Every structure is written in structure tokens, then in C-alpha cells.
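The values are calculated or read from the model by the stated rules, or taken from the named source; none is laboratory data. These numbers were taken from a predicted model, which means no experiment stands behind them. Cβ coordinates were reconstructed from backbone atoms using ideal geometry, including for glycine residues, and neighbour counts include every protein chain displayed. Protein only, heavy atoms only, side chains kept; ligands, DNA and RNA dropped before computing areas. Shrake-Rupley method; radii C 1.70, N 1.55, O 1.52, S 1.80 Å.
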Amino acid sequence: MRGFRLIGTGMAVPGIRFSNDDFSGWLDTSDAWIRPRTGIKARYFCRQPQEQVRCGKGTEDAEAQSGPVPESAYGPDCTATLAASAGEEALKNAGVSPSDIGLIICATSTPSEAMPSTACLVQKRLGIPSGTAALDLNAACTGFIYAMSVAFSLLQAGAASGRMYALVIGADAMSDILDFQDRSTCVLFGDGAGAAVMKLDEDNRYPCHFHLGAEGNDEALFCENGKLRMDGKAVFRFAVSKILGEMEQLNQKSGIKPDEITHILCHQANSRILDYVKRARHLRDEQLFMDLDRFGNTGAASVPIALADMKQQGRLKTGDSLFLVGFGGGLTWGSMYLKV
């Protein structure tokens, strides 16, 4: 089997930074309540939450009562523009031309439109050649892991017109589906996009392993009337069990033990989940990367944003091993092992 090599990374967040205390204008919450329970300090939004609340967004009969949100509530950012910005940065970071890309996959639960796909919009905005395969994929917060697996498979199958590079993106505007009057969910999420340029490689120095799974469930994490609802305790139990299970899967399939991995990068949902995993597996502090304090849970963008953040901080070095783990609505989960 050929290798899968990480060539470049990129990330983008919208221009509205929202701190925990900013929610206190209409919610009974504060930084003192949010941070100890989640590890989150701030996040970025494409739209001003105050405007959505003022106009009645987040209630079931909002449109009937208040009409559409005024144009002033919307910024220039959306899933497609964030995805394109992250993709452009990843191409520059990789030193790869748009004409070298043979495949575009965008993982998202919140596309800007039902069609065209976000991947096709990225193709147009970045000038990636006509004829390049482009598709969206929805596996909720596990989406980027799923997309990486699909990209690897399609490149191996020769579906990229002989080109060896794939642009894999995770992008979500979670604010599109948040009820900003529900403090149990709206304080957890943020908007953003992350991207990776991947290369199918003959060099056996770049092995990769994937494992994907799903369990049909519309009770723990789901959308109702267009708004996200969550059973926090059920999601916590699910997340912990799947992260630990994916580490065991890797050990069984490849013989690689958790303590042999340089960096373990999990979906950035809640610091309590990651702290539990760290204690259970006796992981070193420097092994388990976290940046959810600055971005919150950005859905499918969470893992690639963290990947780009690590690279910007100089924490990824040649020869390092990476274990990526995702979990999300569906319920879905998955993991990926690769070397830098």
C-alpha cells in the first residue's frame, strides 16, 4: 500500500471573536460557568449572535414572529468562504499549485447552499482546473477523518486524473444551526475551516491507517427544526469510549501503542473529555494537543484547525507520528494514523 503524506495545512476563522462573557447579555451564563465545564474561553462566529437573538432566531416560530435576520447581522464569512480561505493557505503552505490538485473533498454539516457543493465553490474560488473531482461529505464532527480516508482511497484508485495531490477540508459555520437561547449548546461551538494538502506517496516512510464507524442514533446529538440539540452526558460517554476504542484499534491493527505516538489530536469538543482520556491512557501532557480554549467546537473543522495550529506553532517535525481521532453526530467516529 502506498503512503499518504501531509504536505501543507491551512486554517481560517471568521472575524467575530466572541468571549464567554459576551453571552451574558441575554443568557444566564459567564466565563466562570463555561470555562471550568468546557475549557473554552472564546470562539469565532460568522454572524453576530445578538442580532439572531434580537430577531427571534433560535425559537421554533422565529421566522413567523420576526421575519428574516437583517443583512447587518451577517458578515462576509460563510462555510464556502472559510473553506476556500483555509484551502488557499494550505496550498501556499505546501508550495503546491492549484493545477496540481487532483481531488477536492470538503467535510461539512453546514454547507452555504444545498448546491453547488462547498467543494465545487472552493474549486471555482481557488482556480483549481475544470475536470477535477470535487465533493462534499457529511459525517458531522468526524467528517475530516472520513474525508481523509475517502481521499486516500480515491487517489489510490486513480480517480484524480493522474495527479497525486488532494485538498481535504473540514469547514462548518456551526452558528447556522445554534439556538442562541440554549446555553447548554450555544456556548460550546464556533465557526471555522481547516485544510490539508495530502500526497499519495510511494515512499514507505509515510504509512497510514484508518478506522471508521457509525451507529445510527438520532437522540444524543441531532438537529430539530434546524437547531442543534444534544444530550451532553450521553455524548460525553460516547466520546470517551470511542477515543479509547480507536487507540485500541490502532494498537491491534498496526502494533503501535499510544505511548509511541508523538502527537494525539482529538476532535476539540470539551477539555473534560480529553483530560479523561489523558488520565485513562497515561498520556504525556505534550502528547495530547488542545486549542479548543480559543476556537470552541468547530465541527468538521475542529481536527484540521488543530492540525494547522500545531504546524504554525512549530510542533510538527519530520518523523513525528500523528494519531487523529474524531467523533460526532450520527453517531460517527473514526481515526487516522500518519507520519509527518
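Of Arg125, Arg163, all but one fail to be of a type in the set (Lys, Arg) and either on the phi > 0 side of the Ramachandran plot or part of a loop (DSSP other than H, G, I, E, B) (or both); the exception is Arg163.
Filtered by the rule that a residue be among the small types (Gly, Ala, Ser), in a loop (DSSP other than H, G, I, E, B) and surrounded by 15 or more Cβ atoms within 10 Å (Cβ to Cβ), the stretch 204-234 gives a lone residue, Ala220.
Selection of the stretch 1-30 for residues being of a type in the set (Ser, Thr, Tyr) and more than 30 Å from Arg205 (Cα to Cα) yields Ser19, Ser24, Thr29, Ser30. Looking at the stretch 180-203, which of its residues are in a loop (DSSP other than H, G, I, E, B) and open to solvent by less than 10 Å² (accessible area, probe 1.4 Å)? Listed by number, the residues that qualify are Phe180, Val187, Gly190. Test Asn270 against the stated conditions and say whether it is touching a residue at least 40 places away in the same chain (Cβ under 8 Å) and surrounded by 13 or more Cβ atoms within 10 Å (Cβ to Cβ). Here the answer is yes, as Asn270 does meet what is asked. Filtered by the rule that a residue be among the hydroxyl-bearing types (Ser, Thr, Tyr), more than 22 Å from Ser335 (Cβ to Cβ) and open to solvent by 50 Å² or more (accessible area, probe 1.4 Å), the stretch 125-160 gives a lone residue, Ser130.
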